[in-house]
Structure formats: C-alpha cells, structure tokens
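Single-structure report; data block below.
The values are calculated or read from the model by the stated rules, or taken from the named source; none is laboratory data. All of these numbers come straight from a predicted model, not from anything done at the bench. Note that each Cβ is placed from the backbone with ideal geometry, even for glycine, and that neighbours are counted across all protein chains shown. Remember, those area values only see protein heavy atoms, side chains included, never the ligands or the DNA or RNA. Shrake-Rupley method; radii C 1.70, N 1.55, O 1.52, S 1.80 Å.
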Amino acid sequence: MAGRRIDVRGTVQGVGFRPWVVRVAERSGVTGRVRNHARGVTIEAFGSEQALLSFLEELQRDTPAAARLFELSVRSIGDEALRGFEIVTSSSEGDKALSIPPDLATCAECEAEVFDASNRRRGYAFTNCTACGPRFTIATGIPYDREATTMSGFEMCAACRREYEDVRDRRFHAQPNACPDCGPRLAFVRVDGQGPSGEPLGDCAALLKEGAVVAIKGLGGFHLACDATSDAAVRALRARKHRDEKPFAVMVADLASARSLAEVSEDEEALLVSPERPIVLLRSRRDDAVAREVSPDTPLLGLFLPYTPLHQLLMAAVGRPLVMTSANLSDEPICRDNEEAMSRLAGIADAFLLHDRDIAMRCDDSVARVIAGMPTVMRRSRGFVPRPFYLEKPIAQPVLACGAHLKNTFCIAAGDTAYFGPHIGDLGNLAALEFFEEAVDRMEAILCVRPEVLAHDLHPGYLSTRYAMSRDDVKRVGVQHHHAHVASAMAEHGRDGPVLGIAFDGTGLGSDRSSWGGEFLLCFASGFERLATFRPIALAGGDVAMHEVWRIAYALLHDAFDGAPPLEALALFRHVPDESLRIVGQMLERELNTPPAHGVGRYFDGFGALGLNRALSRHEGQVAIAWDFAADDVVEESYPFDLDRSRSLLQVDLRKTARAAVEDLLSGVLPSVVSARFHNAVIGVTIQIARELLADLGRVPVVLTGGVFHNERLCRGITRELAKDYEVLRHREVPPGDGGIALGQALIADAILGDKG
Ligand code: ZN
Ligand code: ZN
Ligand code: FE
C-alpha cells in the first residue's frame, strides 16, 4: 500500500469537483480525503500502486465540465489505514469566501431530465445539480450553503433531501437543489389583466409568438424578451426601452440555430457552449433570419444559448430566436425584484414571467468575442463573477479598485487573489451608483475583505472617484487610466514589467490633466513613462463631439488643411446645419472650448464619420465599429503618416493621412478602400513606433490594451507584425476596455504604496 498527495490548482470550487473525486476514488478502490483551500483542492489518496495509478489517470481525464485544472502536482506520502474516502470541510475564513462559485449553465444531464417525460423534474424550470445552477446570484452570505442562499425558505422534500445527502448522487450538496414539489415556482402576469391558464411557460411562449414584449426573471436579473424574427416586436421593444440603435442580444435554442444566424468558428462554438454561457458576438449571416432592427448597424450579432432550464424550456416552447436584453431603461441597472420590475418596467413589458426565488446579487450577462484569433471576454459578469484571479505576488493590504466611468466594474484584491465584481454599467446616474455601492458592500461581505486601500481613476468627476473620496479610514491612490489598462493585462499574464504598453482607447485623463488615449507607455506596476502619443484632436464643444462625430471630422480637417478644409465638397458636412458648421468653425479657429484629445478612438470616429457620411454616433463606438467593418480585407496599400519628433514627446501625426483620405473620397474611391488604407496607416505607424521604442528598451513584452483593440483588423495587423520579434500580450479573461481596468488599478495602488515603504 502507498500514499499520494495531489494538489490541484484551478477552478475546482463549487463545481462538484470534490464529490466527483470521491466517486472516482471509490471506483479506483483508493481511500483517503479531499479538502478545499484557498488555492484549489488537496487530495490524499491511499491504496495499491495500481489503484493509485488508475485514480490519477481518471482524475485528469473526465474532469467535471465546469472545473478548470491549471496545475496538478503529485508527491508520495506515508500510508494511512482508512476505511473510505471523505470530504473534509474547510474552516478558515478565506476558504469559506472562496466557496462561492459563479453561476453555471445547466449541465447536459439536468437538461435531459427536464425534457424527459418520465422524470420527476420534467418541465421544471429550476432543476440543477452539483455541477450546474445558480450560485453567486443566490448567495446571501458565507459559507456557501443552503441557509446562506435565497433557497433557504424552500424546505427540501424527502426525495430531494436524499439526493442532497448521498455522496454518490450528482445532487450531493447541490445547495439550490429543488423539484416541482418543493422548489421555486413560475407565475405569469399579464399587464392587461387577462387570467393565466396555469401554464406560465406556455402562456409566456404564446404571447411572445404574438409579438409581445415580456419581462422574464432569470438568473441575475430580468430580461426583456420578444420575438427576434418580428420587425414589429423588436421595433416596439426598442421604442419602449428608449434604445436608439444599440444592438440587442439574441438567445437561440442550440448551436444549430446559432449557425443558421451567424458564422460560428471552433473558438466561438467553445465560447457559446462554455459553462459561463456569455453572449458571443458573431458575424451575422444577414439573411434576414432575425429582424434587421435587432442590430441595425453592425455585421455583428450577439448570440447566446439558454443557460437555465427556464430558458431552455421557453426556447423549446417558442421555437424561434428571442431578443433577450437586460431589463432596464437605457443606462440604468438591471431589474432584480418582482415588485421593482413590475413598477420600473410598466409601460415597457406587456407581461411578466416571474418566480419566487429571490435574486441576491444582480449579475448581467457576460459578453465575449473572438478578436483576431483570441477568445476575449469583453464584459465580465454572470458566469465569471466571483471567480478569482491569482496574483503572482501577494499584495500587502486589501484593495478596492473602483474602476472607470464607462462599463464600470470594480475589483477587490487581498492576499494573492483578486476578484472582479459584476458589470455595473455606465456610472452616469444615481441608480447606477447605488448598484455600485450595494455590489461593493456585498462583495466585501462574501469575500470577508475590508479594504484598507482605495484605488481610483484620476478623473475627479467620475462617480467611482467620488465614491472613493467619500469612504473613511482608507488610504487613497489615484491611478492613471492607461497605466491601469496596461497593468490589467500585466496582471492577467503574471508580469511585473517592464512592458511596452500600447493603450488605445477613446479617452482617459492623463497625468497632465488632458485627455489621453493613443499612448505608448513603458510600464511597471508602480509607475510608467509616457514615450509617445497621437497628435491631439480639438474636441469642439468637449463631450458633445463624442456624439456629434462630424465635429471630430471637422477638427481633423481644420488641422490637416491649415484652417481651410474643403467642407463643401465632402458629403458628410451636407448632413450638418450651416449654422452649426459656422459655430464649430469659429470655435476651432479661436480655440474656444476645444479641449485636446489624444485618443485613437477619436481618430476612428473622425475618419469613420468622413468615410461613411455619418454625422452622429448614437452609442459609444458606433461609428468607429462601423468603420472597422467597412474596411476591404484585400486592400494592402496604406495612407502616409508622419512622426513628429520636434516635441518633448514623440507624436503620431495623421494630417497627411487625412489629406490623402479626403483626396480619395473626392475622387470617388470607395469607403471600403479608404477605411482599409486608413487602418493600414494606423497599423503601420503603431508598428514603426513600437519597433523604434523597443530598439531602445530591448526585449520587453508588448501589451495591447484599450477599447480600440476590439478592432479586429487593427489587433490582427499589429499582433502579426510585432509577434515576429516580441512577445505580444493581449487580454483574454480581463476585458480590454474600461470594464477591465479595475484589476490594474488594484495592482498599481499596492505597488505605489509598497514603494513608499
Ligand atoms: Zn446539472
Ligand atoms: Zn423536492
Ligand atoms: Fe479606457
């Protein structure tokens, strides 16, 4: 007889890993114990060499779907005489905190039961097991067990209790375990007061097929749903929700249905079916299988698969794709409670599909996309929160990093782990701030962390910064926006620096109080040096120019043509009233209310407006995204550009680029060609600067970060070239955009305080 100690690192908590280990052990004929701890799971196994060998083999072969093994180390230990194999419960605070896993999509076995006419859970919308179901969104405290979830009010029936207590059952310790006899129930309420038939799902499906808008209570909040194939239904939803042109996500029943609507690569398929079940942005097939109104302005279509039995049953009953968008008015947090939803969504929803299991924590759907070959999480929320990141170096004091203004998420870091909170959204109003505060409180509670350091953006006007200023008994550290972007990627890849950070986005306050966003930064965790940037654009009227992108185009041309741009000849400016043109012309001339902005995103706005004749951007990045997709893939020529070495800081000068683009547009060159040549110029200049800087810096890794790197063509072009000679680090599980910066803020704040001693 012999013994082995097996340390498993990875996502192994709350995914049914330990009971699975017990079953594998019993099959292999080994005895021993398994226990959770902060970093993973430790197994001690005893038996014959052959039994141990088969045990180890199986451990690495048929891992539960939601578990991720990063590392598995084995060493020999002395033999112990034990009767069987047991799960040892953990006792320390940190281990308890970690016991709350993210919500997991319904597993194949539970799904099969729900559709099996002979099963006691047929048609039951709240079926789950140890490997799947709600977790984070129902947790009210720690440790994660039934009493500390919103399932505590439901008493398990004898059959469910038996499953729960039997280690051989796949519902062993499944905290939300339930069945039609003892668990939560659905209810369907029509606004017009028509009585329900007693078949909530059937009623809901019937009404959706008639073109109605239904508010559906899901896992982390309410969705607004409607028939995605009906123009009228989608238009009605858009109008009632006050959402101009922003694309809606669409839920499809299965992969086959996803393939009929969009192109799905292998990587994209893996994202679609992953236990996190994010919305995946895919190339639409554009054959009118869904209403044009779903995503009127982009070739991308956000699709996701049902992730609870409720959604699976509903999709089966409706038999067509459904728009499923967060239930809120534009810019407000997602609805959570039945009463709250019914009052806030009055006037939007025709009916409500409700249930009586409370949502403890709001959690929007996550969003992912394969960008230039890399599966990238763009919005990290349901399915990911609160999965930890392991830091290379432990931090000294617990940090709460408050994030940015747009697409806010915060991050709590303590010891060697960091946790993102759920997606909060744009912190532009009081409702969003309240959600932020509530989410921070809850995360601090379930993680047992009391932050001693608050990291925040340098921008004094951000509500996240003001929140940081309002808290007592903490140290505060202001972190530069683009430094934070780069540090997020460094943290994700376990690097301390130095790295050459290329941070391209729309805006972020620089340490000189101007708006940055075309930055080449030499970064360490504790500091950075700005090495190069883009020539600033005058934002006539300030923030208004982000929406009225014609102003950016005007400013570009005013600069490029020395104050005498050929406006009359360009189609774009025919969409703009003469009076507005005159006023903006004067502002640019006199440099009145024209704050300079270095953001590369602004160049995409300006060139996109010109090339596509689009005067307005109706939601963030709309024109820039359209400009990306306008580009002709086969065009390889590039517009010229300059590097301005006359200043203290190296500057990319695209005035020549603008003149060349105007010349092309005036001589009738297609926008697709203009876009491609523009993209190639930005790629070319970025590579040239990076190579110059790297020649001095030596072989340091290059980090690509910032929302502009959602641009497929840019990302591909720059990566392909720089990767020939350098290590190029891109985001994977931390969003490249502002939703990802909180992790970097946390790391930087810790490093800065550490430097101060
Ligand atoms: Zn299951
Ligand atoms: Zn039951
Ligand atoms: Fe940013």
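General observations
- Between 0 and 90°, nearest 10: helix 231-241 axis offset from the chain longest Cα axis: 80 degrees
- Counting DSSP beta bridges with both ends in the chain, the antiparallel % (nearest 5): 70 percent
- Probing with 1.4 Å while keeping every protein chain in the model, the per residue accessible area of the stretch 624-720 equals 41 Å².
- Cα-based Lys pair tally, the chain, threshold under 30 Å, eight or more apart or on separate chains: 19
- Carbon + sulfur, % of accessible area of the chain - ligands and nucleic acids excluded, 1.4 Å: 48 percent
- Within the stretch 400-554, antiparallel bridges make up roughly 70 percent of the DSSP beta bridges whose residues both belong there.
- Placing unit charges on the Cβ atoms of the charged side chains and taking the dipole of the stretch 671-737 about its Cα centre, the candidate lying farthest along the positive direction among L697, V734, L714 is L714.
- Between 0 and 90 degrees, the angle of helix 309-318 with respect to the longest Cα principal axis of the chain falls at about 70 degrees.
- Taking trypsin sites (Lys or Arg not before Pro) across the stretch 578-664, the ones in a DSSP loop with at most 10 further Cβ atoms lying within 10 angstrom of their Cβ are R645, R647.
- For the chain, the longest site-free run once GluC sites (Glu not before Pro) in DSSP loop states with at most 11 other Cβ atoms within 10 Å are removed: 211-590
- For the stretch 593-638, a Kirkwood radius taken over Cα pairs fed into Stokes-Einstein (4 °C, viscosity 1.567 mPa s) yields D = 112 µm²/s.
- The stretch 120-204: trypsin sites (Lys or Arg not before Pro) in DSSP coil with no more than 15 other Cβ atoms inside 10 Å: R120, R122, R168, R185
- Three principal axis extents describe the C-alpha atoms of the stretch 192-324; from largest down they are 45, 31, 25 Å.
- Shape class for the stretch 532-626, computed from the alpha carbon gyration tensor (a ≥ b ≥ c): rounded, with a/c under 1.5.
- Per residue, the stretch 247-321 exposes 35 Å² of accessible surface when a 1.4 Å probe is rolled over the protein heavy atoms with every protein chain present.
- For the stretch 582-734, the Cα-based Rg and Dmax, in that order, read 16.5, 51 Å.
- Cα gyration tensor shape of the stretch 451-490, rounded if a/c is under 1.5, else prolate or oblate by comparing a/b with b/c: oblate
- Neighbourhood net charge (9 Å Cβ-Cβ; Lys/Arg +1, Asp/Glu -1) for R4: +1
- Using the Cβ-Cβ distance between V635 and F561 with R0 set to 25 Å, the FRET efficiency from 1/(1 + (r/R0)^6) comes to roughly 0.50.
- Extension gain from L649 to F70, taking 0.36 nm per residue of separation minus the Cα-Cα distance: 204.2 nm
- Accessible area per residue in Å² at 1.4 Å probe, computed on the stretch 564-620: 48 Å²
- Normalised by residue count, the stretch 378-468 yields a Cα convex hull volume of 97 Å³ per residue.
- Taken one residue at a time, the phi angles of the stretch 598-603 give Karplus couplings (6.51, -1.76, 1.60, θ = phi - 60°) of 8, x, 5, x, 5, 5 Hz. Gly and Pro are set to x.
- Calculated FRET value between A695 and R286, using beta carbons and R₀ = 56 Å, to 0.05: 0.80
- Per residue, the convex hull spanned by the Cα atoms of the chain measures out at 171 cubic angstrom.
- Computed from phi, the 3J(HN,Hα) profile of the stretch 657-669 under the Karplus parametrisation 6.51, -1.76, 1.60 (θ = phi - 60°) reads 4, 5, 5, 5, 5, 5, 4, 4, 4, 6, 9, x, 5 Hz, with x in place of Gly and Pro.
- All other residues whose Cβ lies under 14 angstrom from that of F524 are scored, Lys and Arg at +1 and Asp and Glu at -1, for a net of -2.
- About the Cα centre, charge dipole magnitude for the stretch 588-670 (Lys/Arg +1, Asp/Glu -1 at Cβ), debye: 400 debye
- Charge dipole of the stretch 252-379 about the Cα centre (unit charges at C-beta), most positive-ward option of L261, L314, M342: L261
- Solvent exposure of S343, expressed as accessible area, is near 80 Å², computed with a probe of 1.4 Å over the protein chains only.
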